[in-house]
Amino acid sequence: MTDTPLTDEAVRAYLTENPGFLDRCPEAMLTLAMPESPHGDGVVDIRDFAIRRLQEELRDLRDGTDSLIQTTRINMSLLKRTHQAVLTVLQGDERGCLGETVADDLPLLLDVDVAALRFENDGTLPPRSAPLATLSAGAVDRVAPRSRPIALRPQATGDERIFGGGAGLVVSDALARLEPGNGHPPGLLALGSRRPGAFDEDQASDLLSFVARIVEHCVRQWTFGDRPNTLG
C-alpha cells in the first residue's frame with residue numbers, strides 16, 4: 001500500500017481532534033518553524049516555549065556533564081591513592097614491617113580511620129608474628145568465605161581481634177580475604193571507618209581486591225628463616 005502524504009488539512013484536523021498532542025509530545029515543538037508575530041496582551045509566543053525547552057535541555061546537559069566530570073575526578077583520585085597504597089605496601093614489605101605499614105599508612109592513603117592485617121593463628125607463623133596472628137581457626141571463613149572474599153558492611157561493631165586498639169572507632173568496615181598459601185594461614189586485610197555506611201554491598205570492590213592481592217603476594221614470599229621480622 002502506498003503511503004499518502006500528509007496535507008496541511010490532515011495535520012490540522014488531527015491536532016483539532018487531539019488537543020492534548022503537544023502535552024504528550026512536547027518535543028515536537030522543537031521541530032517547528034515558528035511564524036513571526038508581535039507581542040501583545042493575551043498573545044502567547046510559541047517561540048518562547050521552544051526556547052525555554054531548549055534552555056532546560058541545555059541545563060540538563062550541563063548538569064549531567066558536570067556530574068560526569070566530578071565522578072571522573074573522584075574515581076581518578078581514588079585510583080591514584082590506591083596505586084600509592086600499593087607502592088607503600090611493597091616498600092613496607094621490603095623493610096620487613098608490612099603489618100605496621102598497613103596500620104600506619106593505609107588509613108591516610110585510603111581515607112579510612114583504621115587498617116589492619118590479621119591472620120589465623122594456627123601455629124605456622126613465626127613467633128614474632130604474634131601481634132598479627134589474632135584470629136582463631138575458621139574466623140576468616142565466617143566473615144569472608146571463598147565464595148565472597150570481600151565483605152563490605154555498612155553497619156559493623158569493631159572487632160578487637162581484627163582492629164586492635166582502633167576497634168572502638170569502627171562502625172563500618174571492609175574485609176578482604178587473604179589466601180597467601182605457601183604454608184601460611186588465611187588472613188584479612190581490614191579497613192574500618194567511623195562513618196556509618198562508609199562501606200556497603202553496592203560499592204565496587206575491585207580496588208580493595210587489588211590491594212589485597214598485592215598484600216597476599218607479599219606474604220606468599222615470606223620465608224621463616226630469612227625474614228623472621230617480616231610481620232613487623
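The values are calculated or read from the model by the stated rules, or taken from the named source; none is laboratory data. Since this is a predicted model, take the numbers as computed values, not measurements. Heads up, the Cβs are rebuilt from the backbone with ideal geometry, glycines too, and the neighbour counts pull from every protein chain shown. Calculation scope for accessible area: heavy atoms of the full protein, side chains included, ligands and nucleic acids excluded. Shrake-Rupley method; radii C 1.70, N 1.55, O 1.52, S 1.80 Å.
The C-beta contact set for region 9-22 (first residue outside any loop (DSSP other than H, G, I, E, B), second residue open to solvent by 100 Å² or more (accessible area, probe 1.4 Å), distance under 8 angstrom, 6+ apart or interchain) comprises Phe21/Tyr14. Reported count of residues in region 24-78, each being touching a helix residue (DSSP H, G or I) at 6+ places or on another chain (Cβ under 9 Å), part of a loop (DSSP other than H, G, I, E, B) and at pLDDT 70 or above, is 0.
Hey, can you tell me all the residues within region 97-108 that are surrounded by 15 or more Cβ atoms within 10 Å (Cβ to Cβ), more than 19 Å from Glu160 (Cα to Cα) and out of contact with any helix residue (DSSP H, G or I) (no Cβ under 6 Å at 6 or more places or on another chain)? Cys97 - this is the single residue of region 97-108 that is surrounded by 15 or more Cβ atoms within 10 Å (Cβ to Cβ), more than 19 Å from Glu160 (Cα to Cα) and out of contact with any helix residue (DSSP H, G or I) (no Cβ under 6 Å at 6 or more places or on another chain).
Going through region 79-111 one residue at a time, which ones are of a type in the set (Lys, Arg) and either in a helix (DSSP H, G or I) or closer than 15 Å to Leu208 by Cβ (or both)? First the steps, then the outcome.
Going residue by residue through region 79-111, those that are of a type in the set (Lys, Arg) are 80-81, 95.
Listed by number, the residues that qualify are Lys80, Arg81.
Region 112-216 holds strands (runs of 3 or more DSSP E) entirely within its bounds, and those carrying 1 or more residues that are within 26 Å of Leu87 (Cα to Cα) and open to solvent by 20 Å² or more (accessible area, probe 1.4 Å) map to 114-119, 150-153.
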